[in-house]
Amino acid sequence: MKRILFLLAISLTAAKAQEIIRPALSSETAFAIVVDDKTYQEARSEISAYQKSVESDGLGTYIIVHNWKTPEEIKTILHQLYQDKKQPLEGAVFVGNIPIPMIREAQVLTSAFKMSEKLKWENSSVPSDRFYDDFDLQFDYLKQDDHADRQLYHYYKLRHDSPHYIEMDIYTGRIKPAVSGDKDNSVDQIKAYLTKLVQVRQERNPLNQMIVSTAHGYNSQSTISWGNELLAFRSSFPGLFEQGNSIKFLNYRNADFLKYNLLTELNRPELDFAFMTGHGTATLQLLNGYPDVSSPQSSMVNVGRYIRSKMVAAKERDRDLEKVKADFQKSLGLNDKWFDDAFSPERAIEDSVFNQNMDIHAEDLTHVNARVVYLNSCLTGSFHKKDYLAAYYPFSSGKNVVAFANTIGVLQDLWGTNLLGILQYGSRVGHLLKKTAFLETHIFGDPTYHFEAGKAGELNQLLAGKHAKKKDWYNTLKTPQADLQSYALTELFRLEDEKILSQKLVEIFKTSPFESVRTQAYFLLRKYDNPLYKQVLDLALNDNYEYIKRKALYDINDMGESKYTDRIAERYLSDQELSRSIYRINWMFQFFDYDKMLGSLERYLGDNPNVYNASSLLEGARKKVNYEKTKAAALKALLASDKTPEKELLSEIRSLRLYRHHSVVPEVLKIAQNTNAGKELRLTAIEALSWFGQSYQKPLIIDTLRLLGNGTDDQEIKNQSLKTIRSVSDATWRQF
Amino acid sequence: MDFITKVNKYIYRIAALWSAVIFFNVSAWAQRSSFAVVIDRFHAGQLTSELAAYQQSLEKDGLRVFLLADDWKQPEAIRKQLQELYEQQKLEGAILIGNIPVPMIRDAQHLTSTFKMPQTMDWVESSVPSDRFYDDFKLKFNFIKQDEKRNNLFYYQLDNRSPQVIKMDIYTGRLKPPVSDPAESVEMIRAYLKKNIAQRAVSNPVDQVSTYTAEGYNSNALTSWSTVLFGFRNQFRDLFNGAGNVKFSSYNNQDFMKPYWMTQLSRKDLDYAYFNGHGLPDYQIVSGNPEASSPAPSLENVARYVRQQLRNAQKKGKNPEDTKASLMTSLGINDTFFANAFDPQVIIADSLYEEQKTISIADIKSWPVNARLVYLDACFNGSFQLEEYIAGYYPFSKGTNVVTIANSVGVLQDLWANEMMGLIRNGTRIGQILKHSAYLETHIFGDPSFHFTAPGSIGWNQQIAHNRSARYWKKQLNHELPDVQALALRKIAETETREEAIRLLKDFFHHSKDEVVRTEAYLILKRLRPADWHQIIIDASKDNHEYLRRVSVYDMTEIGSSEFIQPLVNLYFNDMSSNRTTFNVERSLVLFDQKEVVQTIEKEQQRHPLYDQQLVARLIGKFKNGSFLHEYYDQLRNKTLPDKNLGFAISILRAYRMHQYVPDVIGFIRTSQAEEKHVVAALEALSWFKDSFQKDQIIQLCEELAGQKEWSDDVRYQAQRTFQILK
């Protein structure tokens, strides 16, 4: 078929217009490969082959080439194509040097990121393609980074009148290799990736081999959280548990070095999907800590390693080594044994190898065969940097073609398994991203990739389709597949009347055997934030799925209403095995009406003859609550006092973004209203309140800030007030 | 003479009313299943009204009741009456109340899950207290003697002509207070019967389940623990979504989980509490020392250890200074660690610390165990031959516990304790579950006829007890409860043609979506041994359910032919996240041809370049270097094995199937100039090779020996016994 080539003039730039190669295939929806000029020139045939491959899979594909100067250029085209009536865009991939939107003043759209934006912009902004794939979000352009290495960075801030939640219109992916040395071989890497991609896409490979790995230090290392995740996988991937297929669960507790097993699995030619949870940095996946042991010899080996690391550090800092040694010997009760070889080269190598083996490094990822990997960890997807770990997966010589990863830090308690199951039914990976992404969540590789499944074509049309009706989703809800049901609920949420769907969701929450479906019902009711949600919240605290319980505690924490103190005490008494919930409850002791909390604890634990350690549990909680009570009173006084230095006020107010002291909201509002206070202080106060969207203080926040916004001529105060109102109003539309 | 009279002869008439009830029962309910209450005369006399009320409760629950009260002198009398009731009165189970003789079984260790104590040791410890004597009528026993000191213990030998597998005809439960004072015993039983009757009267469907996995079990393998999760998920599916709760917990949730688990046990709403861990007759191990990697808690562990070492040294009369010096050298610590080892307050603190790690008899004695059903999946907790045993305190606690399952001797870690436990969901009597899953050591303490509330449970229990229609059980294969399917498979294997049963079992083994059903199908196939049994084992070694992989390793090890080397090595490389499986694989490979093992590992090593090479090198080294065991058998073959090592070389075969050396052991027996006791021991050791690929050779040997007069009676008896077990 003859390709139509045309030039589209964009008013934003007077430079050469974009080259757009239209799809050869007329399909219900379309996909776009967005590439920079230079890369395109060098990888034209590979890109063309990729286009053909996607089209042969039933998805018409554009190639859009340009010497891109700003993100807006791209967004404008994508938006236009998305609005195309005949063949609307469903997704895009960014190949090569594509401008990177660095988003500011939008931390509520991330799962956990709260870095002070006073810090360097390249660190405190969030690299995010949500700029490109959620057309409703509104941004103000701030600037392009002026550093030579950061020319692609374009800083934006989320506008006060933008929605403050993410609802992606299309999905996106990035094909951007990591460059570790001086030599930039990106284009070669891209060519190799695309060549491999086209081959892998031809495999028609079903998802029937999977691994799930869990590294150390996550979610309070709770084995029960882990076990519940296994059960959720059991519901969402039932076929993998049958003979002939496989799903393996790797855990850092399996071995001193999980790495060997994990890499062996990732390299396994038949492995389809690897879901990996653990801490991460831009260049590392952290897997193990020092081994957890209890026997004397092994314990001392850990102590020895610790001592050597301290001695080496002391030497590097030129400290008095004899004194350091004497101090350690005294404080830890050690003789010379663990110090003798602290500086021996053999020992240094041994320790270095040991440390190296605790993590996955870029050089370990030369041949990853798992077709799709999900890095549920911080920072590994920091694609704004030249070198970032996630890139090593798709750009390895193995068959990996897709890596999900995060550009910044992420929340440990997020619902990482949300909708994962749709992949086994042949959903394009992009559809998964589209429904689940935070500001930081990204796909590296081809977002149109999907596993083979009998009805993959139909499914992808349904998922992408603009024409799907309520009836289609109600039908999907009747299928026995957990995550297809879960997906259908998210679509019904868009199409169905709240009254009808809320009732349905409650029923589903009460009866569905599937963890993922119940969790989805919970989150959707939470979006409605209506009385039925409150009803389900109560049930959620006693749900059998640990994650739902944990999330309900989270939400109650963010509400802060003292009517929940009995329920919190009840969970504290009953769920001592759930380390992560107990961690959360201890956290919650900071924020609830202290006297009521003490009363509830007393009611549940005082003289309870059926609780073996009632008195010590009660005593521990009481001590904690009393301590917090004193601390909170001091905080309230400090915020109310006009003598508190501004610096201290700023610091305390900023900490409220994480520490939800609902009771001090009135004091913070007073500061916000105080025209005699410094501007920065007032803005900080108004911004901090944007994190109290579920709080029982929400009406007070909205009313006060509305008055403030309307009554001021100060544009910054006005905008921040409106922004906070928006953020607070949209709170339950964000999962966290 | 009609049957009634014959039966009534055995019945202790407590009151006219009682006998009238029995008579009425027999005539009106002749088709109903029956249940026997076996009790000693003393207790019966003291508990007249409670027994009558218990009887009514049982009857209301669809059981005809026979009261067998007597001054029981020997177990045989009880067995005989139970068997008659079974044969003539549709007896389905019995409860043994009070002072009922305890059969102590010998020469039957292969009927236990793992117990292998040398029978030369103290008989109270080296015999297996077992009510299989009372509930499996096909087993044949020879009476040996009554214990001289503990006169309720009766020793029996499993006859060499007896079936060598357990297939219970009825189920039993024990109600034996762990006390010696008769008055106290009466009061404990009285209180139990009262609460049991009360519990039986209330409507209580299973909706609250709680499980605990203690430290040190199954290599502390998380993947093994996950099979508990998946198993319960199958068995109690609907409790996971609002209808109830299934709680999982384990030793690694907190440093000390005893308070948590004690609290669980006393939950008033708890129906089933499953505890898995190590145990002894008087306590359960809950936690180990806290695991840590940072210096402070690591050193606390070390400090407690060295203090204890120092105290032990003193107790043993050693010079504590020597111990101290040695510990300082080996651990690299200074003397601050030892300063307070003998400080009385520190000693008390250390002892209190230790108490946090276990649940003792004292703990349970004063604690309300409210979980209606408790399973102590641990060694020795149910050692009811002893006066005091911890399981005994559960049903007699002041809480609402009515049934506790426990083991009278040590048990295998890798056994599947929860086999068919999901049947409690539809009101199956606990005894019926025992009947389908018990080893020689598995026992119910409390009322075995107890069941949770479920619609139609009376009829259902009747079906389990007596329905032998293959057609009926085939229909149950579509039942929504996986464990009903599992039970149906078991019944089909008993009632269908072998061919059809195997067809169905293979279908379920390969295609069932439920892990517990696949596992049950596998275990039944193991008994039926279809022609492609070896391939089925290999398929199981690739199943996603870790437990199946684990048992497949056992089965490959038991057979020992070299066709299994590759699958075992595959497991080693592909299943590293299943620590227990790889642990078992390592132990297993020692028993195969070492040369072939090494070659296979080296080949796989090349295919797994990213695998932990040090680990593989260590493994290969282990097989290349060989162990002293291989040396022993080489010496046995060459007749150079020193006499002092002979006993060990033979007895080790009971635990380690060194299949490759079976011909050498046979050669040794045939040409032995050694003492007869070694020949008998060697023949006994070969009785553990019932699945071995060398089995035919052993059978041939036994047949020969049994028929040759020149061998002594002892040798011929053992040859016959080994033959019987292996055939």
> Using beta carbons and a limit of 9 Å, which pairs, at least six apart or on different chains, have the first residue in the stretch B:496-520 and closer than 17 Å to B:Glu546 by Cα and within 14 Å of chain A (Cβ to nearest Cβ) and the second one among the hydrophobic types (A, V, I, L, M, F, W, C) and not in a helix (DSSP H, G or I)?
Replying inline: B:Val516/B:Trp416; B:Val516/B:Met420; B:Thr519/B:Trp416
> Among A:Pro291, A:Pro296, which is without any contact (Cβ under 8 Å) to a residue 24 or more places away in the chain, under 41 Å from the mean Cα position of the chain (by Cα), within 14 Å of chain B (Cβ to nearest Cβ) and within 19 Å of B:Leu299 (Cα to Cα)?
Replying inline: A:Pro296
>> Against the condition outside any helix (DSSP H, G or I), of a type in the set (Lys, Arg) and either buried (at least 16 other Cβ atoms within 10 Å of the Cβ) or more than 40 Å from the chain's Cα centre (by Cα) (or both), how does A:Arg308 come out, does it pass?
In response: no
> Limited to the stretch B:167-222, what total is found for residues that are of a type in the set (Ser, Thr, Tyr), over 21 Å from the mean Cα position of the chain (by Cα) and farther than 30 Å from B:Phe240 by Cβ?
Replying inline: 3
>> Tally up the residues in the stretch B:401-426 that are out of contact with any Pro (no Cβ under 8 Å at 6 or more places or on another chain) and not in a helix (DSSP H, G or I), please.
In response: 14
> Looking only at residues in the stretch A:239-250 that are hydrophobic (A, V, I, L, M, F, W, C) and touching a Ser or Thr at 6+ places or on another chain (Cβ under 9 Å), which one is nearest to the other protein chains (Cβ to nearest Cβ)?
Replying inline: A:Leu250
>> Can you pull out every residue in the stretch B:68-87 that is touching a helix residue (DSSP H, G or I) at 6+ places or on another chain (Cβ under 9 Å) and either within 23 Å of B:Met188 (Cβ to Cβ) or at pLDDT below 95 (or both)?
In response: B:Leu68, B:Ala69, B:Asp70, B:Asp71, B:Trp72, B:Pro75, B:Ile78
> From the set of residues in the stretch A:233-256 that are closer than 25 Å to A:Asn288 by Cβ and in contact with a Gly (Cβ under 9 Å, 6 or more places away or on another chain), which is surrounded by the fewest Cβ atoms within 10 Å (Cβ to Cβ)?
Replying inline: A:Phe233
>> So for the stretch A:251-260 (the condition being assigned to a helix (DSSP H, G or I), without any contact (Cβ under 8 Å) to a residue 40 or more places away in the chain and more than 7 Å from chain B (Cβ to nearest Cβ)), does at least one residue qualify?
In response: yes
> When you look at B:Ala292, is it under 19 Å from A:Asn335 (Cα atoms) and without any contact (Cβ under 8 Å) to a residue 40 or more places away in the chain, yes or no?
Replying inline: no
> Which of (1) within 14 Å of chain B (Cβ to nearest Cβ); (2) out of contact with any strand residue (DSSP E or B) (no Cβ under 6 Å at 6 or more places or on another chain); (3) crowded, with 18+ Cβ neighbours inside 10 Å is the odd one out, the single condition A:Tyr583 does not satisfy?
Replying inline: (3)
>> Let me confirm something: among B:Val302, B:Val246, B:Val286, which residue is within 14 Å of chain A (Cβ to nearest Cβ), aliphatic (A, V, I, L, M) and in contact with a Gly (Cβ under 7 Å, 6 or more places away or on another chain)?
In response: B:Val286
> Can you pull out the residues in the stretch A:451-482 that are crowded, with 19+ Cβ neighbours inside 10 Å and polar (S, T, N, Q)?
Replying inline: A:Asn460, A:Thr476, A:Gln481
> If a residue has to be modelled with pLDDT of 95 or more, among the β-branched types (Val, Ile, Thr) and either surrounded by fewer than 17 Cβ atoms within 10 Å (Cβ to Cβ) or not in a helix (DSSP H, G or I) (or both) to count, how many in the stretch A:491-523 make the cut?
Replying inline: 1
> With respect to the numbered conditions (1) at pLDDT 95 or above; (2) away from chain B (no Cβ under 14 Å), which one is the sole condition not fulfilled by A:Ile360?
Replying inline: (2)
>> Cβ contacts < 7 Å: first residue at pLDDT 95 or above and buried (at least 19 other Cβ atoms within 10 Å of the Cβ), restricted to the stretch A:633-662; second residue part of a loop (DSSP other than H, G, I, E, B) and among the hydroxyl-bearing types (Ser, Thr, Tyr), any location; separation 6+ or different chain. Result?
In response: A:Arg660/A:Ser695; A:His662/A:Ser695; A:His662/A:Tyr696
> Within the bounds of the stretch B:465-475, is there any residue that is at pLDDT 95 or above, touching a strand residue (DSSP E or B) at 6+ places or on another chain (Cβ under 8 Å) and among the charged types (D, E, K, R)?
Replying inline: no
> Inside the stretch B:307-325, can you point out the residues that are hydrophobic (A, V, I, L, M, F, W, C) and crowded, with 20+ Cβ neighbours inside 10 Å?
Replying inline: B:Leu310
> Filtering the stretch A:311-340 down to residues that are surrounded by fewer than 16 Cβ atoms within 10 Å (Cβ to Cβ) and outside any helix (DSSP H, G or I), which residue is farthest from the other protein chains (Cβ to nearest Cβ)?
Replying inline: A:Asp318
> From the residues in the stretch A:215-232 that are out of contact with any helix residue (DSSP H, G or I) (no Cβ under 7 Å at 6 or more places or on another chain) and surrounded by 22 or more Cβ atoms within 10 Å (Cβ to Cβ), which one is nearest to A:Arg584 (Cα to Cα)?
Replying inline: A:Trp226
> Among the residues of the stretch B:102-123, how many are closer than 23 Å to B:Val38 by Cβ and either of a type in the set (A, V, I, L, M) or at pLDDT below 95 (or both)?
Replying inline: 5
> Does the stretch B:108-121 contain any residue that is part of a strand (DSSP E or B) and farther than 24 Å from B:Asp377 by Cβ?
Replying inline: no
> For A:Gly217, which of the numbered conditions (1) in contact (Cβ under 8 Å) with a residue 60 or more places away in the chain; (2) in a helix (DSSP H, G or I) fails to hold?
Replying inline: (2)
> Only one of these conditions is not met by B:Pro609: (1) of a type outside the set (Gly, Ala, Ser); (2) assigned to a helix (DSSP H, G or I); (3) surrounded by fewer than 16 Cβ atoms within 10 Å (Cβ to Cβ). Which number is it?
Replying inline: (2)
> In the set B:Asn340, B:Asn370, which member is touching a residue at least 40 places away in the same chain (Cβ under 8 Å) and either away from chain A (no Cβ under 14 Å) or not in a strand (DSSP E or B) (or both)?
Replying inline: B:Asn370
>> Suppose we filter the stretch A:538-549 for residues that are assigned to a helix (DSSP H, G or I), over 23 Å from the mean Cα position of the chain (by Cα) and either of a type in the set (D, E, K, R) or away from chain B (no Cβ under 13 Å) (or both); how many remain?
In response: 1
>> Please pick out the residue among B:Asp634, B:Asp643, B:Asp593 that is acidic (Asp, Glu), buried (at least 16 other Cβ atoms within 10 Å of the Cβ) and either on the phi < 0 side of the Ramachandran plot or away from chain A (no Cβ under 14 Å) (or both).
In response: B:Asp593
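The values are calculated or read from the model by the stated rules, or taken from the named source; none is laboratory data. Treat the numbers as computed from the prediction; the structure is a model and nothing was measured. Glycine also receives a Cβ, built like all others from the backbone with ideal geometry; neighbour counts cover every protein chain displayed.
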